[in-house]
Amino acid sequence: MPTVVLASGSAGQQFTGGQTEFEVEATNFRRLVLELERRFPGLGKQIEESMAIAIDGEIFQDAYAAELKPNSEIYLIPKIGGG
């Protein structure tokens, strides 16, 4: 199953009770977000609005259609604001 790593200290931890790593059964990023929202209500919205996504070392601007492998590593990190 793909492994999701939530950056420590990120706002997303408020939804997970401090948990930063979990396995999620999903074949694409959209399903992964839906499963995380089911497990941790509010986390899906947090991911959509303020998290950057890296899948297997590649940063995605729009990851929803990205396919996941059984051994994929997905990192969710806070977006960096700029102006």
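Things to note:
- The set of residues from segment 55-76 being surrounded by fewer than 19 Cβ atoms within 10 Å (Cβ to Cβ) and either hydroxyl-bearing (S, T, Y) or assigned to a loop (DSSP other than H, G, I, E, B) (or both) comprises D56, G57, Q61, D62, Y64, A65, A66, K69, P70, N71, Y75.
- Within segment 22-47, the set of residues being surrounded by 12 or more Cβ atoms within 10 Å (Cβ to Cβ) and either out of contact with any helix residue (DSSP H, G or I) (no Cβ under 7 Å at 6 or more places or on another chain) or closer than 12 Å to I77 by Cα (or both) comprises F22, T27, N28, F29, R30, R31, L32, E35, R39, K45, Q46, I47.
- Being surrounded by fewer than 17 Cβ atoms within 10 Å (Cβ to Cβ), among the small types (G, A, S) and outside any strand (DSSP E or B) is a description that does not apply to A52.
- Answer residue from segment 1-48, given it is acidic (D, E) and assigned to a helix (DSSP H, G or I) and is nearest to A63 (Cα to Cα) among those: E48
Laboratory data are not the source of any read-out in this text; all were calculated from the coordinates shown. The shown structure was predicted, so the numbers you read here are calculated from the model rather than taken from an experiment. Positions of Cβ are generated from backbone atoms using ideal geometry, with glycine treated the same way; all protein chains shown enter the neighbour counts.
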